Amino acid sequence: MTAGVGLYQPGRTPVHRVPAGYKLLAVFGGGSVVLLVDDPVPLAVAVSCVGVLYGVARIPWRVALAHARPVVPVLALLWAAQWATAGVEVATVAVLRLFTVVLLATLLTLTTRVSEMVAALEAALRPLRHLGVRTERLSLAISMTLRFIPLLTEVVAQVREAQRARGLDRNLLALAVPVLVRALHTAEQVAEAIDARSHGQRGVRASDSEPAGGDIK
């Protein structure tokens, strides 16, 4: 099984100690770079480098494999579709790009608490408040989206295990429908969390604006 809904793996490794803001920059920057690379060799090197970071972070190999395994069928289908339409090299590049991004997002969520990600994003987005942007909601949405990537692989793994027990593991429709339903349910929970956080912050601001000692006579 995977690391669970919490996903975070406590530790004192160099990867854990890197501030959340720098790790977020690394994920966004690394994801942007791999999208610009068209050569499978550098992309394979990038995957290997991320794998080394998993080792530095001392992520148990069972946890790493549990997160990687559900992605393999999706990557296989993507490779086959790209190979049929654009050739082997394009297919390999597409798969390596996606795999690198998934590995980066998973490593971020395994080594960073949600509270740290939200705080880092709020600090980075603070200048947008002058434009009327509700940065607390935006930062929570971004952090939850990043966590949604590895969480979705966990959902796929759980559904595959349940369908395998019913003898339906080779039925793509039987796999896709429950995954879609649970993904939508998770997205709804994310939206509710964002609304709850927003209402909570409005309540705090309202209470802060009230006099502490009641009416002054």
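The values are calculated or read from the model by the stated rules, or taken from the named source; none is laboratory data. Computed from a predicted structure; not experimentally measured. All Cβ positions, glycine included, derive from the backbone under ideal geometry; neighbour counts span all protein chains shown.
List of remarks:
- Test result for Pro19, over 24 Å from Pro70 (Cα atoms) and at pLDDT 90 or above: yes
- Hey, Gly30 under 15 Å from the mean Cα position of the chain (by Cα) and under 19 Å from Val95 (Cβ atoms) or not: yes
- Scanning region 27-44 for residues that are among the aliphatic types (A, V, I, L, M) and either touching a strand residue (DSSP E or B) at 6+ places or on another chain (Cβ under 8 Å) or not in a loop (DSSP other than H, G, I, E, B) (or both) yields Val27, Val33, Val34, Leu35, Leu36, Val41, Leu43, Ala44.
- Tabulated pairs, region 21-43, first acidic (Asp, Glu), second at pLDDT 90 or above, C-beta under 9 angstrom, 6+ apart or interchain: Asp38/Glu89; Asp38/Val90; Asp38/Val93; Asp39/Glu89; Asp39/Val93
- Screening region 103-117 for residues that are of a type in the set (Val, Ile, Thr) and buried (at least 22 other Cβ atoms within 10 Å of the Cβ) and picking the one that is farthest from Val18 (Cα to Cα) gives Thr106.
- Some residue of region 86-97 being modelled with pLDDT of 90 or more, within 28 Å of Ser115 (Cβ to Cβ) and polar (S, T, N, Q): no
- Test: residue in region 41-54 that is of a type in the set (A, V, I, L, M, F, W, C) and within 23 Å of Ala119 (Cα to Cα): no
- Of all residues in region 49-64 being of a type in the set (Gly, Ala, Ser) and assigned to a helix (DSSP H, G or I), the one that is nearest to the chain's Cα centre (by Cα): Ala64
- Selected residue [free of Cβ contacts under 8 Å to residues at least 40 places away in the same chain and either touching an Asp or Glu at 6+ places or on another chain (Cβ under 6 Å) or within 22 Å of Leu35 (Cβ to Cβ) (or both)] from Val118, Val101, Val88: Val88
- Within region 103-135, considering residues that are outside any loop (DSSP other than H, G, I, E, B) and of a type in the set (D, E, K, R), the one farthest from Thr13 (Cα to Cα): Arg129
- Within region 44-62, the set of residues being aliphatic (A, V, I, L, M) and touching a residue at least 24 places away in the same chain (Cβ under 8 Å) comprises Ala44, Ala46, Val47, Val50, Leu53, Val56, Ala57, Ile59.
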